[in-house]
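S.K.: My questions all concern the structure below.
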Amino acid sequence: MQLNIIFFFVLILQLLRLTTTNLLIPGIMTEKVDLMPKSQEYLGFLQSSLNKTEVEVRLKCLENVDIEFEAEVVIRSSPCAKEFIVDKMRFSQVSNLLQFYFENDNKIPPGYDYDKILYYRSKPQRFSCLNSVGDHFLEQIPKFGMKVYNVTPFNQLPSLEPRSRRANDQFPGINGQSIDGGAKDSLTITITKFSADDTKNHTIEAEVQWRGPYGYLSAIDYPLLHFYGFMCIFYTLMALAWLIVCLKHWKDLLRVQFWIGCFYAEYSNMNQTGKSVEGLLELAELTSCLKRTMAHVLVIIVSVGFGVVKPRLGSTLNQVIAVGMLYFIFCAIEGLTRVSKQTTEAVKEKQIAKMPLALLEICIAWWVFSSLISTMRALRLRRNEVFFIKLDNYRVHPILETGDPV
């Protein structure tokens, strides 16, 4: 037993770890940067980008001070998924390589083996935090896209082959050089370099937005959008089919399903509005009283021998109708008093409302059992096989009523 509990606990931990490591990659990332005097700071954002994705860098001064700084952006790709998309254990390793990625457009870190990357570098721009309103946009005019560069590992001599741009159907991506000509989507890192010349410390806020051709979803998460959309439509159709089957066989549904729905509606409305639905409980009580009245009337009709020893009820029909009406009235009074009187002072009123109903039920029980005895006596006197079968059925009826055979 203990081993099963330990195994279940470990399984839950693994599932939690799996779900937390596969969260959606945001399309808008924001981070604060502390600018130190006479220093350079590098800020990196990792992303998997679709082809024709636009990258926008926004800078915002948190204080209105007379400080100027310089910013420059580099975007580079990698065909190796593990190089940029990292976990917490390797995040510090990638952070230490930000300056290397920024300065070297023809080099890759040791341990990786590929020869082409997509690379983009903007021109440096100066910004001032004095009287700055809103965000500063790190724009490059004229705009141009990423270019393909030849790269070599850092511990090898550079290649003699000049830098060249490959054709659009050949540059590397997530799927590498696949049979479809190579995917144009890529894993990228956006690095912003900040250079501060002032003698004061200052904090700015940097925001990077990746707007793909279909929205903000990354290249890894975008295919799941269609998958979940398909699953949503599929389960909607299944729900409609289930609803049609339920409507077709609505008579076979259990009554408890309807009552569960009513209780849920009452609880939900009470939770949202703080008040009960006007008249809902009263309607439910009246419906219950009607069902109980019909059940008692049917028991009386069967007990007097209608269709067995009596072809018609005659004057007994008026008595049955009168008793049924009285039972419904007393039952309704008791039920409405019970649901409408919620205070402790109404306990006496509830007890008084129960007394007529209890007395009437005692009278109905006496009438039922006395009628059963008369009906069974009449069946014994007839001495017919059909009547003997009916007699056996009537012997079971008192057992259902009292639990003891007659």
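S.K.: Between Leu326 and Leu237, how high is the FRET efficiency from 1/(1 + (r/R0)^6) when r is the Cβ-Cβ distance and R₀ = 60 Å? Nearest 0.05. Walk me through the intermediate numbers first.
M.R.: Numbers: r = 53 Å, r/R0 = 0.88.
The formula returns an efficiency of 0.70 here.
S.K.: Please work out the FRET efficiency for the pair Gln272 and Thr203, using the Cβ-Cβ distance as r and a Förster radius of 30 Å; give the result to the nearest 0.05. Mind showing how you got there, number by number?
M.R.: Working: r = 44 Å, r/R0 = 1.45.
Efficiency, rounded to the nearest 0.05: 0.10.
S.K.: Could you give the length gained by full extension between Glu70 and Asn96, i.e. 0.36 nm per residue of separation minus their alpha carbon distance, to one decimal place? Can you show the working numbers first?
M.R.: Working: separation 26, 0.36 × 26 = 9.36 nm, distance 2.10 nm.
Here the segment from Glu70 to Asn96 would lengthen by 7.3 nm.
S.K.: How do Met270, Met29 rank when sorted from fewest to most other Cβ atoms within 10 Å of their own Cβ? Intermediate results must be reported in sequence, preceding the final value.
M.R.: Working: Met270 12, Met29 16.
Result, fewest neighbours first: Met270, Met29.
S.K.: Relative to the present Cα-Cα distance, how much length would full extension add between Ala365 and Ser340 at 0.36 nm per residue of separation?
M.R.: Details: separation 25, 0.36 × 25 = 9.00 nm, distance 2.88 nm.
Between Ala365 and Ser340, full extension yields 6.1 nm more.
S.K.: Met355 versus Ser374, label points 7 Å from Cα toward the beta carbon: distance in nm?
M.R.: The answer from the label model is 3.0 nm.
S.K.: Gain in length, Asn106 to Phe154, computed as 0.36 nm per residue apart minus the alpha-carbon separation, to one decimal in nm? Please report the intermediate quantities before stating the final value.
M.R.: Working: separation 48, 0.36 × 48 = 17.28 nm, distance 0.89 nm.
Extending this stretch completely gives an extra 16.4 nm.
S.K.: Which of Cys262, Cys289 comes first, and how do the rest follow, when ranked by fewest Cβ neighbours within 10 Å?
M.R.: Numbers: Cys262 16, Cys289 21.
The order, fewest Cβ neighbours first, is Cys262, Cys289.
S.K.: Taking 35 Å as R0, compute the FRET efficiency from the Cβ-Cβ separation of Met36 and Leu225 and round it to 0.05. Show your work: numbers first, answer last.
M.R.: Numbers: r = 42 Å, r/R0 = 1.19.
The pair Met36/Leu225 has a calculated efficiency of 0.25.
Bear in mind these aren't lab numbers, they're just calculated from the coordinates by the rules spelled out. These numbers come from a predicted model, not from an experiment. Positions of Cβ are generated from backbone atoms using ideal geometry, with glycine treated the same way; all protein chains shown enter the neighbour counts.
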